[in-house]
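Each reported figure results from applying straightforward, stated rules to the coordinates on display, with no laboratory input. Everything numeric in this text was worked out from a predicted model, so none of it was measured. So basically every Cβ, Gly included, is an ideal-geometry build from the backbone, and we count neighbours across all protein chains shown.
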Amino acid sequence: MSNISFQQFYQNSPVCKVFSQEFELYLKNYLKNNLQGTQTLVSAINYTILGNAKRLRPFLLYLTGSIFKIESNILYHIGLALEFLHTYSLIHDDLPALDNDDIRRGKPSCHKEFSESTAILTGDSLLTLAFNLLSDENLKITESIKLKIINITSQFLGIEGMIGGQELDLFYTKDLARYNSLTAKDILHIHTLKTAKFIELTFQITSLIANLSPKTNQHFTSFGSAVGIMFQILDDIEDYKQNTQSLNLLNILSKNDIKNYLTNLLNQSKYDIQESSITSSDLINLQESIYFSAISLLSK
């Protein structure tokens, strides 16, 4: 097993280095040449999009798409839409009516830097820009695949996915009695909706463009779902010391229970890759780096 952290994998693997340089340039060029509107909204979009961001979702799309030799411009174009969707969700989550967070990516949240109304409109703008990108004639994939990508994106990020997960988050955290009734199964369900489905989406999109067989698609996207759950568990572990009252598995399960759950996920992931007949050391190294990061933190 590879004993490197996810951060080391992300910073040092050749595929990550290529992505980081090229995608950031693609993003900046798009913002420079395509944003039209009031100066306030343009400023707010640039403020929230640029800066200290992981670009995890577009990176995973690039990583998976590269396995099947999908053109980088196609991956960056769709990746840009995914980054816009992710950022829109963060802007809205930070609002006082939801998570009420004043800091995002090391600087004041959009509603603190500008205003609540501007933050709402900035999120709305990014959401609609994302679907504009996915339906763009310059996106060189077939119209039928575009429609399938738009359909599954709206499904995974809507009431059946990310937004539904946020609603469940509020349902439990805004009421002490409900919060105290939470089980590990409840938290994992919310994590799946809020985080894992978005990450799995990158695998689903790659599968659609690459036209994978039903069996390969099943195991490939199952691997993607496991990646999403493991990322959220890693996030739980990293956040636990800062916020012990959040929807966090460490509030319910012991460290050993979480270690065992992560090990089962890792083993299932390796099985899925084997059954999918996909040969990719990057996918295995990705999953093992998330696992190693989480286990290392749990052992401290």
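Structure data summary
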| item | result |
| --- | --- |
| Enumeration of residues in region 165-178 that are over 25 Å from residue 154 (Cβ atoms) and free of Cβ contacts under 8 Å to residues at least 40 places away in the same chain | 174, 175, 176, 177, 178 |
| Subset of region 148-168 [of a type in the set (Gly, Ala, Ser) and part of a helix (DSSP H, G or I)] | 154, 164, 165 |
| Residue ID - surrounded by the most Cβ atoms within 10 Å (Cβ to Cβ), chosen from residues in region 55-104 that are among the acidic types (Asp, Glu) and part of a helix (DSSP H, G or I) | 83 |
| Members of region 12-34 found to be within 21 Å of residue 64 (Cβ to Cβ) and surrounded by 12 or more Cβ atoms within 10 Å (Cβ to Cβ), listed by number | 13, 15, 16, 17, 18, 19, 20, 22, 23, 24, 26, 27 |
| Among residues of region 134-150, those that are charged (D, E, K, R) and exposed (fewer than 15 other Cβ atoms within 10 Å of the Cβ), counted | 4 |
| Any hit, region 176-186, residues being farther than 25 Å from residue 258 by Cβ and surrounded by fewer than 16 Cβ atoms within 10 Å (Cβ to Cβ) | yes |
| Selection from region 114-128 of residues that are surrounded by 13 or more Cβ atoms within 10 Å (Cβ to Cβ), without any contact (Cβ under 8 Å) to a residue 60 or more places away in the chain and more than 19 Å from residue 157 (Cβ to Cβ) | 115, 116 |
| Listing of helices (runs of 4 or more DSSP H) fully contained in region 1-54 that carry 2 or more residues being more than 20 Å from residue 293 (Cα to Cα) | 14-34, 39-49 |
| Qualifying residue in region 267-290 (condition: closer than 15 Å to residue 5 by Cβ, among the hydroxyl-bearing types (Ser, Thr, Tyr) and in contact with a helix residue (DSSP H, G or I) (Cβ under 8 Å, 6 or more places away or on another chain)) | yes |
| One residue from 171, 131 being surrounded by 14 or more Cβ atoms within 10 Å (Cβ to Cβ) and not in a loop (DSSP other than H, G, I, E, B) | 131 |
| Residue list for region 27-50, restricted to those being among the aliphatic types (A, V, I, L, M) and out of contact with any Ser or Thr (no Cβ under 8 Å at 6 or more places or on another chain) | 27, 31, 35, 42, 50 |
